[in-house]
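*Asks:* Handing you a structure now.
The values are calculated or read from the model by the stated rules, or taken from the named source; none is laboratory data. On a predicted model such as this, the values are computed, not experimentally measured, just so you know. A quick note on method: Cβ atoms are made from the backbone with ideal geometry, for glycine too, and the neighbour counts reach across all protein chains shown. Keep in mind that these areas ignore ligands, DNA and RNA; they rest on the heavy atoms of the full protein, side chains included. Shrake-Rupley method; radii C 1.70, N 1.55, O 1.52, S 1.80 Å.
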Amino acid sequence: MNCLWTNETGNPGDRDRAAAALAAAERRLADVLGDVPQRWLVVSTHLQRLLLVTRDGLAREYAVSTGAAGVDGREGSGGTPPGVHLIAGRIGAGLPAGAVLRDRLPTGETWDPAAAPAAAPDGETPDLILGRVLTLEGREPGVNQGAGVDSLARYIYIHGTNDEARLGRPVSHGCVRLSRAAVVELHDLVAEGDPVVILDDRPRRYHFAGVAGSGMSALAQYHAMAGGLASGSDRALDRGERGEIRRALEAFGVTIAPQDGSALRGAPVDRPCDGVVVSTAVEDDVPDVAAARRLGVPVLHRSELLAHFVAERRTVAVTGTSGKSTVVAMIFEILRRCGRDPSVVTGGELVALQDEGLLGNAYAGSGRVLVVEADESDGSLARYRPWAGVVLNLKRDHKEPAAIAAMFAEFRSHVRGPFLVGEDPALDPLAGGAARFGLGEHCAPRAEHVELSPGGSRFTLAGEPFTLPVPGLHNVRNAVAAIAACQALDDLPPSQLAAALARFRGVARRFQIVGEAHGVEVVDDFAHNPDKIAAALTTARARGRRVLAVFQPHGYGPTRFLRDDLVAAFASGLRADDALFMPEIYYAGGTVTRDVSSRDITEAVAARGVPALFAPRRDDLVAPIAAATRAGDVVLVMGARDPSLTDFCRAILAAIAAV
């Protein structure tokens, strides 16, 4: 037999795919069973191989045939069921290799290949169960265990076959077929209770419409880094914009196509597309989406694909109305610095990954943990089934608090392991049976003896001193959330957690210092809802004599919904000698009702005693902002979604330097 593991096939990629199959199977075993046992089997439906693995490494490799109908656990599907199984029974010990079994019992017949017909009258080789049978009991409810998907009830097992010529191809009726000699050998090497992981590991090709967006580019990168095939399109890329994102995606092997539907017609990637991935912002009349529907290619919301990735690994999903990206980054960096090599998919760019030449919002590691940001703004977090769930806080943002609370409650019902809740009183209804983290006496873990400084903070936790190199009390709360998640995952000692957080590199556009000129500091921040704006203003106040706040709202709907709350945040967070500057609302495209303006906010804030200036064109604000600055000021630029805001910060800094 050609051995993929030792590369005797001469195909350099086969060894890598076999290694990836083993790693994926090990992660799934650990997730479902809680540990990796001494001996286990993995069936790669893509490679059509069964691997027997022990603590010492790969022990045996066999060619197999899995279901011609693909990977499918449903009753009547004819597919091979995915996921973790246990060997429930070993049948046929002592029988000849050609012994015929039926309904898991020996028939007394022996198949003689010399006397057997080559094929039945319909041209098909008779499907016989020969030699030995290993029955399989599913261990994943709803996947391979329970009504309608139960592997044991479906008579799914590993068995010998008379159709050995077609081993290596998926031609069975759902069972896993081996040669007669192989099944006899395997039967004697395993025991009842040994796990069998069946992988649906065929490389998928997905096309990402709107691939230059932060959430979509993260998914495309992660999929490509994990061995999948990816293409993408974006109107901004068609216009020649966001060249750095295009170059980074292409470096990962993501093929960029025009957003004209051509990628769905076989170009530029000449392979059938398994799905077109879209975000909420992508409308049905986008050519790629229209082409997919016309061609019968599935259209997936990005949260559906992320839900698939979440289910594949031991995933920690972080949600809340503020702080998600920072907490995800902290968890990722802690685990990485502690040698766990986790994966991450998030909306913010991690500076630590950017330092390595990556975009920063995705990474596929070899470890079993995936850390993701679970978005509550469009309700997509309800699709995720993570191992651990973290809820940070609950404030009015995108939706009313009651609607967000209902989403969090549904999210909790899908978490398979630890559930961790911040000390925000609005989260009290979720607290029953959950671990609470924060600064209060009822919290564990709990930060104590907090000392804030303009550049960071100090605190103690479980008697261990922590130093955090990012400013603000909100970041202390973020750090405690990350600590709680890491302790739930791996029970890491506080000393290791403290050492990792002391080197935290931060997240791009989360109070990121762009530069200083003439004693004026320019800060770039993602704040876009009232709670985040209040935190950013408080942090800026600790660093400067005055705060010149610049805020670009994103989206007419969110601005209309939060208008009064935004006015209150600026009126209470800014003093009479501070100032607010606002351009018109950022419009990313699509159908909108333009019945609200940034002018509405500046006029209301000015009426409450804070100087405020509106300009329809953002560039027209650069000169008045620079002219208003004095040494000791902090210019705080806030807003979301618009990737050009950082360049706007640089333009302000240059104008201040030129004054």
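*Asks:* Out of the DSSP beta bridges found with both residues in the chain, what percent are antiparallel (nearest 5)? Mind dumping the intermediate values first?
*Replies:* Values: 51 of 112 bridges.
Rounded to the nearest five, the antiparallel share is 45 percent.
*Asks:* Still on this structure, please answer the following. Could you state the per residue volume, in Å³, of the convex hull enclosing the Cα atoms of the chain? Kindly include the intermediate steps, with their values, before the conclusion.
*Replies:* Working: hull volume 110.3 nm³, N = 659.
About 167 Å³ per residue, rounded to a whole number.
*Asks:* So what's the angle, to the nearest 10 degrees on a 0 to 90 scale, between helix 556-573 and the longest Cα principal axis of the chain?
*Replies:* The answer is roughly 50 degrees.
*Asks:* What is the spin-label model distance, in nm, from S453 to E26 if the labels are put 7 Å beyond Cα along the C-beta direction?
*Replies:* 4.1
*Asks:* Additional query: So how do V345, V171 rank on accessible area, 1.4 Å probe, biggest first, that is with the largest at the start? Can you show the working numbers first?
*Replies:* Working: V345 10, V171 30 Å².
Result of the area sort, largest leading: V171, V345.
*Asks:* For the pair A403 and E250, how long in nm is the line joining their label points, each one 7 Å along Cα→Cβ?
*Replies:* Going by the 7 Å Cα→Cβ label model, 4.1 nm.
*Asks:* FRET efficiency for L439 and R599, Cβ-Cβ distance as r, R0 = 56 Å, nearest 0.05? Walk me through the numbers on the way to the answer.
*Replies:* Working: r = 39 Å, r/R0 = 0.70.
Rounded to the nearest 0.05, the efficiency is 0.90.
*Asks:* In Å, the Kirkwood hydrodynamic radius of the stretch 244-356 over pairs of distinct alpha carbons?
*Replies:* Details: mean 1/r = 0.0604 Å⁻¹.
With all distinct Cα pairs of the stretch 244-356 included, I get 16.6 Å.
*Asks:* Now for a separate question. For the stretch 538-659, what is the convex hull (Cα atoms) projected area averaged across all directions, in square nanometres? Before the final figure, lay out the partial values.
*Replies:* Working: hull surface 29.0 nm².
Dividing the Cα hull surface by four gives the mean projection, 7.2 nm².
*Asks:* Follow-up. Indicate, rounded to the nearest 5 percent, the antiparallel portion of the DSSP beta bridges found entirely in the stretch 460-583.
*Replies:* On the way: 7 of 10 bridges.
Antiparallel: roughly 70 percent of the beta bridges in the stretch 460-583.
*Asks:* Please list, in order along the stretch 387-396, the HN-Hα scalar couplings obtained from phi with the Karplus expression 6.51 cos²θ - 1.76 cosθ + 1.60 (θ = phi - 60°), rounded to whole Hz, x for Gly and Pro.
*Replies:* Once θ is set to phi - 60°, the couplings for the stretch 387-396 become 6, 10, x, 10, 10, 8, 6, 8, 9, 5 Hz.
*Asks:* I would also like to ask the following. Please report the net charge: other residues with Cβ closer than 15 Å to the Cβ of G515, K and R +1, D and E -1.
*Replies:* Charge balance in the 15 Å sphere: -3.
*Asks:* Let me ask something else. Run the helix sum for the chain: -39,500 (n - 2.57) per DSSP H stretch of 4+ residues, divided by residue count, reported at 222 nm to the nearest 500 deg cm²/dmol.
*Replies:* On the way: 17 runs with 195 residues, N = 659.
For the chain, the value works out to -9000 deg cm²/dmol.
*Asks:* Please find the FRET efficiency linking A607 to D642, where r is the Cβ-Cβ separation and R0 is fixed at 30 Å, and quote it to the nearest 0.05.
*Replies:* Numbers: r = 27 Å, r/R0 = 0.91.
The value I calculate is 0.65.
*Asks:* Let me ask something else. Quick check: the angle from helix 214-225's long axis to the longest principal axis of the chain, C-alpha only, nearest 10 degrees?
*Replies:* Tilt relative to the chain: about 30 degrees.
*Asks:* In units of 2.2 N^0.38 Å, what is the alpha-carbon radius of gyration of the stretch 326-447?
*Replies:* Against the compact-globule rule of thumb, the ratio is 1.11.
*Asks:* Under the rule of at least 5 residues apart or a separate chain, name every residue whose amide H is placed under 5 Å from the amide H of G67.
*Replies:* T80, S172, G174
*Asks:* Highest mean first, how do 227-233, 206-212, 337-343 rank when packing is the count of other Cβ atoms within 10 Å averaged over residues?
*Replies:* Result, highest mean Cβ count within 10 Å first: 206-212, 227-233, 337-343.
*Asks:* Taking amide H positions as placed 1.01 Å from N in the peptide plane, with prolines and chain starts having none, which residues 5 or more places from G320, or on another chain, fall under 5 Å of its amide H?
*Replies:* Answer set, sorted by chain and number: E376, L392.
*Asks:* Still on this structure, please answer the following. Work through the residues other than G228 whose Cβ is under 10 Å from its Cβ and net out their charges, Lys, Arg +1 and Asp, Glu -1.
*Replies:* Numbers: positive: R202, R204, R205; negative: D274.
Local charge sum for G228: +2.
*Asks:* First compute the accessible area of the chain with a 1.4 Å probe, then give the percent of it belonging to carbon and sulfur atoms. Walk me through the numbers on the way to the answer.
*Replies:* Working: 13020 of 26060 Å².
Its accessible area is 50 percent carbon and sulfur atoms.
*Asks:* Over the Cα atoms of the stretch 485-527, each weighted equally, I'd like the Debye log10 I(q)/I(0) at q = 0.14, 0.16 Å⁻¹, rounded to two decimals.
*Replies:* At q = 0.14, 0.16 Å⁻¹ the computed log10 ratios are -0.54, -0.62.
*Asks:* OK, next. What is the distance in Å between the Cα centroid of the stretch 158-178 and that of the stretch 515-556?
*Replies:* The distance from the Cα centre of the stretch 158-178 to that of the stretch 515-556 comes to 64 Å.
*Asks:* For A165 and A290, what does the FRET efficiency come to when R0 = 45 Å and r is the distance between their Cβ atoms, rounded to the nearest 0.05? Working shown, then result.
*Replies:* Values: r = 45 Å, r/R0 = 0.99.
In this case the efficiency is close to 0.50.
*Asks:* Which percent, to the nearest 5, of DSSP beta bridges fully inside the stretch 334-447 are antiparallel?
*Replies:* On the way: 3 of 13 bridges.
So the antiparallel bridges amount to about 25 percent of the total.
*Asks:* Related question: Given H placed 1.01 Å from N in the peptide plane, which residues other than close sequence neighbours of D200 have an amide H under 5 Å from its amide H?
*Replies:* Residues meeting the amide H criterion: G83.
*Asks:* Going by average Cβ density within 10 Å per residue, which order do the peptides 533-542, 250-259, 213-222, 91-100 take, highest to lowest? Could you put the intermediate results ahead of the total?
*Replies:* Numbers: 533-542: 21.4, 250-259: 18.6, 213-222: 25.0, 91-100: 16.6.
Packing proxy ranking, top to bottom: 213-222, 533-542, 250-259, 91-100.
*Asks:* So how tilted is helix 530-541 from the main axis of the chain? Cα-based, degrees 0 to 90, rounded to 10.
*Replies:* 60
*Asks:* For the chain, what is the accessible area per residue in Å², given a 1.4 Å probe and the full set of protein chains?
*Replies:* Working: 26060 Å² over 659 residues.
Normalised by residue count, the accessible surface of the chain is 40 Å².
*Asks:* Let me ask something else. For the stretch 165-208, build the convex hull from the C-alpha positions and give me its volume per residue in Å³.
*Replies:* 128
*Asks:* If eta is 1.567 mPa s and T is 4 °C, what Stokes-Einstein diffusion coefficient results for the stretch 120-186, Kirkwood Rh from Cα pairs, in µm²/s?
*Replies:* Working: Rh = 12.9 Å.
Once the numbers are plugged in, D ends up at 100 µm²/s.
*Asks:* Now a separate question. If you average 1/r over all unlike Cα pairs in the stretch 434-485 and invert the result, what Kirkwood radius do you get in angstrom? Intermediate values should be presented prior to the final figure.
*Replies:* Numbers: mean 1/r = 0.0927 Å⁻¹.
This gives a value of 10.8 Å.
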